[in-house]
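Reviewing the structure listed below.
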Amino acid sequence: MSEHSASAGNVAAEGRAAPIELYTYYRSSAAYRVRIALNLKALAYEAIPVHLLRGGGEQRQAAHLARHPLGLVPVLHTDEGWFTQSLAIIEWLDEAHPSPALLPADRAARARVRAIAQAIACDIHPLNNLRVLQYLANELGVDEARKNAWCRHWVDIGLAGVERMLAEDPRTGRFCHGDAPTLADCCLVPQVFNARRVGARLDDKPTIARIVQACEALDAFRHAAPANQPDAE
């Protein structure tokens, strides 16, 4: 069991094995989202690393393809079965462990939180996903500088749109929606981590910067950060 899963865990504290396994990679932003959600809900889990680079990528090996046919992380395993896709996993967690809620009770508010999360997970993240970047480099011969420029371009455009979604809506509070973290915050913080890695602009996105600072002050987010994972390099 990982160090932070034990620190988060009401289950582990009772001396029983964690009933949740998370197949993860420390720098995967999709896995990062799920780690945040698990920590916010104080759920103990065992972090099982899947190295996305070693040996051509452990996610491409038969053992992992049996867990996720697309060869991606995260994968969540519980006594209810195997779950893939980070947003679907977090929504399952919210239904299975309702408190604290990561989606608002009001349906209009839920739609807003999902829209923010999906703007990040569906519109921004796929364009800076590892397999896309590997294709650019390995198949199209794009060098490191141009590859990073590609990332910065799409991250900047995407986060600029998210900044407007947040800054122009009075429902934005200390966090993306109100004054408690939601699914949207679980997505925003990992995407900003990616933005920092490629040197994307953040100084012109003050609402995002403020919200991320509030999130990163919480143990649930700090313990989920890539640098604090057992497989961090």
Among the residues that make up the range 204-218, is at least one of them at pLDDT 95 or above and more than 24 Å from Ala109 (Cα to Cα)? yes
Taking the range 132-153, which residues are under 14 Å from Arg197 (Cα atoms) and either of a type in the set (A, V, I, L, M) or outside the structural domain of Arg196 (by TED's automatic domain parsing) (or both)? Leu133, Ala145, Ala149
Is it the case, given these coordinates, that Gln61 is of a type in the set (S, T, N, Q) and closer than 25 Å to Arg164 by Cα? no
Of the residues Ala137, Ala117, only one is touching a Cys at 6+ places or on another chain (Cβ under 6 Å) and part of a helix (DSSP H, G or I); which? Ala117
Could you please let me know if Arg164 is surrounded by fewer than 16 Cβ atoms within 10 Å (Cβ to Cβ), more than 19 Å from the chain's Cα centre (by Cα), part of a helix (DSSP H, G or I) and modelled with pLDDT of 95 or more? yes
Contacts under 7 angstrom Cβ, first residue in the range 117-130 being under 15 Å from Ser28 (Cβ atoms) and in the same structural domain as Gly71 (by TED's automatic domain parsing), partner crowded, with 20+ Cβ neighbours inside 10 Å and among the small types (Gly, Ala, Ser), 6 or more apart: none
Confirm whether Tyr32 is at pLDDT 95 or above, among the hydroxyl-bearing types (Ser, Thr, Tyr) and in a helix (DSSP H, G or I). yes
Which of (1) touching a Lys or Arg at 6+ places or on another chain (Cβ under 8 Å); (2) in the same structural domain as Cys122 (by TED's automatic domain parsing); (3) at negative phi is the odd one out, the single condition Asp179 does not satisfy? (1)
So in the range 97-152, with the set limited to residues that are among the small types (Gly, Ala, Ser) and more than 24 Å from Ala167 (Cα to Cα), which one is farthest from the chain's Cα centre (by Cα)? Gly141
Are any of the residues in the range 66-84 touching a strand residue (DSSP E or B) at 6+ places or on another chain (Cβ under 9 Å), outside the structural domain of Gly178 (by TED's automatic domain parsing), within 23 Å of His177 (Cα to Cα) and at pLDDT 95 or above? no
Please determine whether any residue of the range 59-70 is in a helix (DSSP H, G or I) and closer than 19 Å to Gln229 by Cα. yes
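The values are calculated or read from the model by the stated rules, or taken from the named source; none is laboratory data. Because the structure is a prediction, the values reported are computed rather than measured. In this analysis, Cβ positions are derived from the backbone assuming ideal geometry, glycine residues included, and neighbour counts consider all displayed protein chains.
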